[in-house]
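Engineer: Below: one structure in structure tokens.
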Amino acid sequence: MNQFSESANTHYKKPERIRLAYLDGIRGIAALYVVFVHSWYYSDSISPPSMLWLPMTKLLRYGIFAVVIFIVLSGYCLMLPIVRSDKGDFSGGLLGFFKRRIRRILPPYYAALLLCMLMGGLILWLEQTIDLSWYDGTMNPLQGLFSPNFSGHDLIVYFLLLQNFVLDINNINGPTWTVAVEWQIYFVFAILLIPIWRRLGLFYTVAIAFAVGLTMSYLMGSEVSSRACPWFLGLFALGMAAAEINFSQKPSLLRLKTSLPWGILAAIFACLAFLTESLRFSALPGLAQWIVHSFVALGTGCFLIYCTNFLTKGKALPPVIGFLESRWVVALGIFSYSLYITHAPVVWLVHQLLLSQQLSPTMMAAKWLLYAVPSSLLVAYLFHRAFEKPFMSDFSAKVKSQRTNSADLAKSDEGWDVLIGGEYTGTHTRLATSVKQLLEWLREYMSVDTVTLLLPVRDRQNLAVYATLGLEEEIVQKIRIPIGQGFAGRISASKQPTIVNNLKEVEIVSPILRHRGLRSLLGIPLPIEQSQMGVLHVGTFESHNFTERDVQQLQLIAKLIGSMVVDAGVLSFEQDCHNTSYLNSPESMTRFLQLPSHFNLINTLHQAFVLNFSTLEFKVS
């Protein structure tokens, strides 16, 4: 009998529950601020509202600060999985990193670009048809946000994400220049900064990032560099530094994390940022932008360390900033990327429509804000649902997974239990959708190819696949795993996590694992009842060395899912279905599910899963 890898019998501690939902809160607030800034975008050709002009201008002139915050957050979030990894490497390697970035950034970006193109084409057609006069210089002062009069050259530049380097260009979607900057930073981060960090450490990495960025800035010249912002590389590195200070186990960084007053430092750097930016507007117009932006980035990095320190100690954020974890602010952050890349044409269109009403400056300002901001939020949310959210979980499966027989998968409702699957009732399908949503989220969160949930059947001697993504044949073929045998059976019997780095070296019961080409597996016992233990396991088609951090993360998720299963009563229902002899055909299953008691039970299960899943993403970060 082949033995499991050396780490198979290792005992792991359960991690503390850490919620970093405030990161989404910061993104949401920053993106909304940018929308407000662009909805108060006056030029010399339009008279500002006299009463509100001065205070509103001062309040809404710091839009670039939000961009800097985005860059620092990006460095922080992309560094987190690396600093938590035992080997300090990308999950899935360099290729896996770029696949995830492509999946996360490009589909929504190109969808927004297409939306702008269609809107521009429609406006051009209307201009030719009914003479809107939207292209006169006094009637279209917002070309920095959106211009329908773009060329093929402009389209190519935007398609290649080079708009931050090209000066003579019509802005198809003005704010996306920052997306281009961040996209370019990803390559430097993965190819240059991470190798430097592994070899020389944190502080050299930050210093080299600033040196490279500032050198490029001076070589480009002030006109190009003011748009390309190469110094953002150093600001991104400050986000990396904040992540390592928060989660590194190096003694020097542990001392640094606990010894400095990070909240006070954040306030000091924020004050310096506002002070220097004010000087740029008045006494020192020649003050370099990178100095101001560096203060913003330093303040943001300190603030992230300050907040995360509370959460790693199991404490709540202070009340004054606790709103960053509120439900609505976090929800705003979830679709903040969509809000950022779609608001410009919406704000522009609202502005153009209001111009035709010949309003007074004050009424123009009030109506612009009143209409543009809610419209931008609505369009962004719908865009997120249609073009961003699907690529947050499904795309990896389309790239990596191998196809299975479509007819068999249709019978198994794409990985939900075959005995309850298919198209028998609309009610049970809603429950299946909830379970599938959970597994899709888990696959994305762990950056794996397969996710499988096994539960004990009524004889308590075997495990059956209750739900899976990537191993649907196990449901179709009704695979049963004896407890104590094979990969999942041993986990259930031993109640210990198991890592398999090379599947060829271990005994398995289900031949589908090898048939599908799985290379590496991580399995966690799933507590159901005192005497019963399910199994949750994830796998990759490429060789992958799962780490103790992966084990800890999956243990936390397994505990939460186990609670969901118990709360929903899934185990007893699943056993009831598996041991009812008259459920051997679609017709008998339909009759079974249409019984009032079982109909109500299905509804209860669905509601329990939805209720628990709505909080799962906020409990795991």
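Engineer: Once the piece of chain linking F274 and N545 is laid out straight, how much longer is it, given 0.36 nm per residue of separation minus the C-alpha distance between them?
Structural biologist: Net length gain for the segment: 93.0 nm.
Engineer: Right, next: Within 15 Å, Cβ to Cβ, of Q184, how many net charges do the neighbouring residues add up to if Lys/Arg are +1 and Asp/Glu are -1?
Structural biologist: +1
Engineer: In terms of modelled amide H atoms, which long-range or inter-chain residues lie less than 5 Å from the amide H of Y466?
Structural biologist: So Y466 has HN proximity to L453, L454, L455.
Engineer: Moving on to the next point. Taking 7 Å along the Cα-to-C-beta vector as the label spot, tell me the D459-F323 distance in nanometres, rounded to one decimal.
Structural biologist: It works out to 6.1 nm between the two label points.
Engineer: A follow-up question, please. Around I194, under 13 Å between beta carbons, what's the net of Lys plus Arg minus Asp minus Glu among the other residues?
Structural biologist: On the way: positive: K87, R198, R199; negative: D89, E244.
Summing Lys and Arg as +1 and Asp and Glu as -1 gives +1.
Engineer: Please give the FRET efficiency for R227 paired with M363, using the beta carbon to beta carbon distance and R0 = 30 Å, rounded to the nearest 0.05.
Structural biologist: Details: r = 34 Å, r/R0 = 1.14.
For R227 and M363, the calculated efficiency is 0.30.
Engineer: Place the peptides 364-372, 447-455 in order of packing, highest mean first, counting for every residue the other Cβ atoms within 10 Å and averaging per peptide.
Structural biologist: Order by mean packing, descending: 447-455, 364-372.
Engineer: Using only the Cα atoms of segment 229-268, what do you get for the radius of gyration and for Dmax, in Å?
Structural biologist: When restricted to the Cα atoms of segment 229-268, Rg and Dmax are 11.9, 35 Å.
Engineer: A further question on this structure: With 22 Å as the limit, write out which pairs from K99/K504; K315/K495; K87/K313; K250/K313 have Cα-Cα distances beyond it, or answer none.
Structural biologist: From the list (K99/K504; K315/K495; K87/K313; K250/K313), the Cα-Cα distance tops 22 Å for K99/K504; K315/K495; K87/K313.
Engineer: Mind ranking 330-342, 540-552 by how tightly packed they are, going by the mean number of other C-beta atoms within 10 angstrom, highest first?
Structural biologist: Put in order of decreasing packing, that is 330-342, 540-552.
Engineer: Could you tell me what a quarter of the Cα convex hull surface of segment 179-278 works out to, in nm² with one decimal place?
Structural biologist: Value for segment 179-278: 7.6 nm².
Engineer: Once the piece of chain linking L200 and F310 is laid out straight, how much longer is it, given 0.36 nm per residue of separation minus the C-alpha distance between them?
Structural biologist: Here the segment from L200 to F310 would lengthen by 36.7 nm.
Engineer: Cβ neighbours within 10 Å, averaged per peptide: list 291-303, 92-104 in order, most packed at the top.
Structural biologist: Ranked from most to least packed, the peptides come out as 291-303, 92-104.
Every number in this text was worked out from the coordinates using simple rules, so none of it is lab data. This is a predicted model, so every value here is computed, not measured. Reconstructed Cβ throughout: ideal geometry from the backbone, glycine too, with neighbour counts over all protein chains shown.
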